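J.: Starting off with a structure, shown below.
The values are calculated or read from the model by the stated rules, or taken from the named source; none is laboratory data. It should be emphasised that the depicted structure is a prediction, and the values quoted were computed from it without experimental measurement. Backbone-built Cβ (ideal geometry, glycine too); neighbour counts: all protein chains shown. Each accessible area value is taken on the protein alone, full model and side chains, heavy atoms only, with ligands, DNA and RNA left out. Shrake-Rupley method; radii C 1.70, N 1.55, O 1.52, S 1.80 Å.
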Amino acid sequence: MIKAKFLTKITEINKLFIEDVISNGDIVVDATMGNGYDTKYLAEKVGENGFVYSFDIQEEAIKSTNKRLEKANLLDRVKLILDGHENMENYVKEEVSCVLFNLGYLPRADHNVITRPDTTLKAIKSSLKLLKPHGVVSIAIYTGHEGGMEEKNIVYEFVKELDQNEFNVLESKFVNQINNPPQLILIEKKKEY
Ligand code: SAH
């Protein structure tokens, strides 16, 4: 459940939005596994009949997430994939109800391993293809690190041009925070065309 100080962390705010997007038995994607907090959240949300594909390019991410899921007895409904999210269409063949992106670098790990504009964009495009009607792609964006602003601009350029007959695109951001607060983009596929 959402904690009392729920308007402080972008990943918690994200859960307010996607809470009702994911149903029991759904197939979903965590495009940026990291330490696996979101992967675990998704695995719980989809239930024992659902499935989560989770991507990261760092071996450490796989290890730490594997441990987290094993402890929670959730490993059977998750596939941890050591590959870039830009290749997700090689792995995910079904329609999905949700794809999560948490861009940037992994706190407490190597800050040189960051998501990159070109691969991020390719992965977002793949996600939109895989999305089922009323499914949502959620993108948490950080601009405080080198390359972050460039990545944000490229993501915005793309999502701004999405046809409103096909997609709803929503932005959420902190307006009174200093030091490059994160922001969130949500894209809902309206229906199949
Ligand atoms: N959601 C995570 C935090 C993700 S941080 C959590 O809850 O802990 C961003 C992650 O994206 C890092 O672990 C980084 O290794 C990963 N990453 C960077 N480039 C990637 C790519 N092309 N494909 C998949 N993951 C990537």
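J.: Could you list, ordered by first residue, the pairs with Cβ atoms under 7 Å in which the first is in segment 48-65 and more than 20 Å from residue 120 (Cα to Cα) and near the ligand (Cβ under 10 Å from one of its atoms) and the second is assigned to a helix (DSSP H, G or I) and open to solvent by less than 60 Å² (accessible area, probe 1.4 Å), at least 6 apart or interchain?
T.: 65/39
J.: Identify, by number, the condition in (1) open to solvent by less than 40 Å² (accessible area, probe 1.4 Å); (2) out of contact with any Asp or Glu (no Cβ under 6 Å at 6 or more places or on another chain); (3) more than 8 Å from the ligand (Cβ to nearest atom); (4) under 26 Å from residue 108 (Cα atoms) that residue 32 doesn't meet.
T.: (3)
J.: Oh, and also: For segment 44-64, enumerate the residues that are open to solvent by less than 60 Å² (accessible area, probe 1.4 Å) and over 23 Å from residue 131 (Cβ atoms).
T.: 58, 61, 62, 64
J.: Next question. Looking only at residues that are β-branched (Val, Ile, Thr) and in contact with a strand residue (DSSP E or B) (Cβ under 9 Å, 6 or more places away or on another chain) in segment 89-122, which one is farthest from the ligand (Cβ to nearest atom)? Before you say what the answer is, go through the steps one by one.
T.: Step one: filter segment 89-122 for residues β-branched (Val, Ile, Thr), giving 92, 96, 99, 113-115, 119-120.
Still in the running and in contact with a strand residue (DSSP E or B) (Cβ under 9 Å, 6 or more places away or on another chain): 92, 96, 99, 113-115, 120.
Working: 92: 13, 96: 16, 99: 12, 113: 5, 114: 6, 115: 4, 120: 7 Å.
Taking the candidates together, the pick is 96.
J.: Another question about this same structure. Could you tell me which of the residues 70, 86 is part of a helix (DSSP H, G or I) and within 12 Å of the ligand (Cβ to nearest atom)?
T.: Checking each option against the conditions leaves just 86.
J.: Given the conditions (1) open to solvent by 60 Å² or more (accessible area, probe 1.4 Å); (2) touching a Lys or Arg at 6+ places or on another chain (Cβ under 8 Å); (3) within 16 Å of the ligand (Cβ to nearest atom), report the number of the one that residue 41 does not fulfil.
T.: It is condition (1) that residue 41 fails.
J.: Criterion first (of a type in the set (D, E, K, R) and open to solvent by less than 40 Å² (accessible area, probe 1.4 Å)) does residue 77 satisfy it?
T.: yes
J.: If we only count strands (runs of 3 or more DSSP E) wholly inside segment 92-186, which ones have 2 or more residues that are closer than 22 Å to residue 50 by Cα and not basic (Lys, Arg)?
T.: The qualifying strands (runs of 3 or more DSSP E) are 96-102, 131-141.
J.: Just to verify a result, which residue in segment 123-152, among those that are closer than 14 Å to residue 29 by Cβ and open to solvent by 60 Å² or more (accessible area, probe 1.4 Å), is nearest to the ligand (Cβ to nearest atom)?
T.: Among those residues, the one meeting the criterion is 125.
J.: If residue 72 meets every condition in (1) crowded, with 22+ Cβ neighbours inside 10 Å; (2) over 16 Å from the mean Cα position of the chain (by Cα) apart from one, which number is that one?
T.: (1)
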